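Below is one structure; the comments refer to it alone.
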Amino acid sequence: MLKKNISGVAALVLAAGLSACGGGGGGSNGSSTNPGNNGGNGGNGSSTNDGSWLTFRSTLDDILVFPGQPARAGITAQSSKVISETFNGALTDNIGVFNPDVRMDPTGSPLIYVFSLQTRAGLPAGVHTGALELKLCYDAPTTCARPIAGSPWQLPYKITVLAESDLHYSRWETATPSAPFVYGMQLATIGSSLAMVSVSPYTPQQIQTWLSSDNADSWQLSPAAGPTPVTNAYATAGDGTALYLSGGRDSNNNDTNHVWKFDGARWTQRTAAGEFLPREQHLMAKMGSDIYLMGGVNGSQQLSDVWKSSDDGSHWSRLATLPAALGRPTCALGWRGSLVVIGDTVVTSSDGKTWTERPVSSKSFPYKSSQCAVLKDRLYVTPSDGYGRPTYSTADLQTWQPERADLGRQFAAQGMAALNGRLFIAAGVGTSSREVMRTVP
């Protein structure tokens, strides 16, 4: 049983905040609620003693616990009034899934308090549900004959404890701690090697291709001359046998629509000007013998069109417009005969014309990720902002499995690669912590 007792004048939010502890469980965005009180209404905060003056924003409803790693959860409690009379508060965890240590973080506001707590070590695998109960009373919480209006509040939680057998790799590790590539990094595979396309910072600038045949322990610069003109914010795609590059912004700040192909030894231009509008910050994906191109920016215009080439990138035809719900597409690939595109949601299409939205139930799913790949016929998506948020994987686009988070990084590079039973991601820009990370089976 977890209890916190508070006495004081005008200390209402402190007590409420302690009762509402939670935070960081799986990276949920949280939701503002008026938790149910007096055992009724289950969350609208209304009863004979209206408790709607006290609201909570929490991550208690989506806490992920990985083996051997207790998770933190957080709650923000906000009051719309001050209680001037001395009162006591008690927070009760009847099941015992949380540690009794509660931390309060300063917010600078006397009416807003943020608290965090941690799940108890050794929780068995499975889903644990229940509710923390907060009592605020003018007398002792054990009797609470004089409750403050709205007391008690019920703060529901859902804790999912994963077993080792649920996970598909054991951890992430740093493979290249100080990578030689600098700007515009986009990661892929070609043959039995990892391939990194990047822009050299030196004059004259050039698009470089770096290759690694030892799981990113070392990298060698390909002698192949890169695509010209040199662009930034280009798109790349590959199928393991070749790489394709399109568009980007040139040194005169003009968007381009050229297409190039790298076969492992040399780059060749497929077209100097494709039929699609010049663009940058767009996506490409290879599915079967077809190459798809979508989205991006042309000047101040946000694009959502979809194009296809069936002749290795030489000619392009427009197919459709991406679903509005997708927002800006951030990652795309071909998998099991369908295009899979990630943005504000997940959408799929077997032909690039008709699109289907694939809702994901987890609040911590890494929407807007720029890093996705398929390993052993399983799709993985890792959050582009890192910072301890879990990777997710699926075998059917219906059930998504949380996986161990990467090591945390800034400036995630576009692309994710799968090779030799491992996943690879890159991050950094300029002099800022350029590195490549990989999973350990």
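The values are calculated or read from the model by the stated rules, or taken from the named source; none is laboratory data. Model, not experiment: these values are computed from the prediction. Cβ: placed from backbone, ideal geometry, glycine included. Neighbour counts: every protein chain shown.
Look at residue 75 and say whether it is buried (at least 22 other Cβ atoms within 10 Å of the Cβ) and either acidic (Asp, Glu) or closer than 30 Å to residue 400 by Cβ (or both).
yes
Pick from 95, 112: which is touching a His at 6+ places or on another chain (Cβ under 9 Å), of a type outside the set (Lys, Arg) and not assigned by TED's automatic domain parsing to the domain that holds residue 402?
On the way: 112 fails: touching a His at 6+ places or on another chain (Cβ under 9 Å).
It is 95.
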> Just to be sure, is residue 198 assigned by TED's automatic domain parsing to the domain that holds residue 429, over 30 Å from residue 64 (Cβ atoms) and surrounded by 15 or more Cβ atoms within 10 Å (Cβ to Cβ)?
Replying inline: yes
>> Restricting to the range 271-301, give me the number of residues that are surrounded by 13 or more Cβ atoms within 10 Å (Cβ to Cβ) and outside any loop (DSSP other than H, G, I, E, B).
In response: 17
>> Where the second residue is surrounded by fewer than 16 Cβ atoms within 10 Å (Cβ to Cβ) and the first is among the charged types (D, E, K, R) and lies in the range 286-312, which pairs have Cβ atoms under 7 Å and are six or more apart or on separate chains?
In response: 290/310; 305/318; 305/321; 308/317
> Restricted to the range 175-208, and to residues that are modelled with pLDDT of 95 or more, among the hydroxyl-bearing types (Ser, Thr, Tyr) and assigned to a strand (DSSP E or B), which residue is farthest from residue 332 (Cα to Cα)?
Replying inline: 176
> Scanning the range 82-118 for residues that are charged (D, E, K, R) and in contact with a strand residue (DSSP E or B) (Cβ under 9 Å, 6 or more places away or on another chain), which turns out modelled with the highest pLDDT?
Replying inline: 93
> Across the range 305-318, what is the number of residues that are surrounded by fewer than 18 Cβ atoms within 10 Å (Cβ to Cβ) and touching a Gly at 6+ places or on another chain (Cβ under 9 Å)?
Replying inline: 3
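Any residue in the range 256-270 that is touching a strand residue (DSSP E or B) at 6+ places or on another chain (Cβ under 7 Å), basic (Lys, Arg) and either in a loop (DSSP other than H, G, I, E, B) or farther than 22 Å from residue 333 by Cβ (or both)?
Filtering the range 256-270 for residues touching a strand residue (DSSP E or B) at 6+ places or on another chain (Cβ under 7 Å) gives 256-262, 264, 267-270.
When the remaining residues are screened for being basic (Lys, Arg), the result is 261, 270.
Add one more test, that the residue is either in a loop (DSSP other than H, G, I, E, B) or farther than 22 Å from residue 333 by Cβ (or both), and what stays is none.
Checked the range 256-270: no residue is touching a strand residue (DSSP E or B) at 6+ places or on another chain (Cβ under 7 Å), basic (Lys, Arg) and either in a loop (DSSP other than H, G, I, E, B) or farther than 22 Å from residue 333 by Cβ (or both).
Can residue 151 be described as part of a loop (DSSP other than H, G, I, E, B), of a type in the set (Gly, Ala, Ser) and in contact (Cβ under 8 Å) with a residue 12 or more places away in the chain? Spell out the reasoning first.
Numbers: part of a loop (DSSP other than H, G, I, E, B): yes; of a type in the set (Gly, Ala, Ser): yes; in contact (Cβ under 8 Å) with a residue 12 or more places away in the chain: yes.
When the stated conditions are applied, residue 151 passes them.
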> Given the residues 246, 314, which is the only one that is assigned to a loop (DSSP other than H, G, I, E, B) and hydroxyl-bearing (Ser, Thr, Tyr)?
Replying inline: 314
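Considering every residue within the range 209-219, establish whether at least one is touching a Phe, Trp or Tyr at 6+ places or on another chain (Cβ under 9 Å), modelled with pLDDT of 95 or more, surrounded by fewer than 14 Cβ atoms within 10 Å (Cβ to Cβ) and not assigned by TED's automatic domain parsing to the domain that holds residue 97. Walk me through how you get there before you give the answer.
As a first pass, look at the range 209-219 and keep what is touching a Phe, Trp or Tyr at 6+ places or on another chain (Cβ under 9 Å): 209-212, 215-216, 219.
Now restrict to residues that are modelled with pLDDT of 95 or more: 209-212, 215-216, 219.
Those left that are additionally surrounded by fewer than 14 Cβ atoms within 10 Å (Cβ to Cβ): none.
No, the conditions are met nowhere in the range 209-219.
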> Is it the case that some residue within the range 222-230 is outside any loop (DSSP other than H, G, I, E, B), free of Cβ contacts under 8 Å to residues at least 60 places away in the same chain and not acidic (Asp, Glu)?
Replying inline: no
>> For the condition farther than 20 Å from residue 414 by Cα and at pLDDT 95 or above, what is the one hit in 309, 364, 300, 393?
In response: 309
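Name the residues in the range 82-98 that are of a type outside the set (Gly, Ala, Ser) and in contact (Cβ under 8 Å) with a residue 60 or more places away in the chain, would you?
Matches in the range 82-98: 82, 83, 85, 86, 87, 88, 91, 92, 93, 94, 97, 98.
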>> If I filter the range 237-266 down to residues being surrounded by fewer than 21 Cβ atoms within 10 Å (Cβ to Cβ) and either outside the structural domain of residue 205 (by TED's automatic domain parsing) or among the hydrophobic types (A, V, I, L, M, F, W, C) (or both), which single residue comes out as farthest from residue 341 (Cα to Cα)?
In response: 265
